[in-house]
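See below for the structure under consideration.
The values are calculated or read from the model by the stated rules, or taken from the named source; none is laboratory data. Model, not experiment: these values are computed from the prediction. In this analysis, Cβ positions are derived from the backbone assuming ideal geometry, glycine residues included, and neighbour counts consider all displayed protein chains.
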Amino acid sequence: MRDAGDLPVSVRDALVESFDEARDAVRRGDTETALERIDTAAGIVRHKVPPGLVRERLEHGVAAVERTAADEPVVASEYLHVMKRMLTGSEDV
């Protein structure tokens with residue numbers, strides 16, 4: 001899969017919700033909640049996103065958030081923002 005627009009709406013919505021909740025948690029300094037939400041997103045990516053470029057990018061972003069949420073929350077927040085933008089196609093996220 002080369003385009004996130006090809007994902008089922010329910011999958012995109014679930015990922016966007018997880019990324020939003022994780023980003024809110026990271027911004028509050030609630031690393032535990034952020035990692036729980038990103039774990040949810042990782043499961044969705046693993047089970048619902050077909051192999052291809054979109055999945056690779058999401059897996060990369062999820063791994064980056066897992067690495068940076070605690071010590072570099074600004075970096076984690078930006079990864080979450082970019083992943084959401086990739087899914088929604090909107091700059092206004």
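Within region 13-44, the only residue that satisfies the criterion of being under 18 Å from GLY89 (Cβ atoms) and among the β-branched types (Val, Ile, Thr) is VAL16.
Against the condition closer than 15 Å to ARG57 by Cα, modelled with pLDDT of 95 or more and among the aliphatic types (A, V, I, L, M), how does ALA42 come out, does it pass? Can you show your working first?
On the way: closer than 15 Å to ARG57 by Cα: yes; modelled with pLDDT of 95 or more: yes; among the aliphatic types (A, V, I, L, M): yes.
The answer is yes for ALA42.
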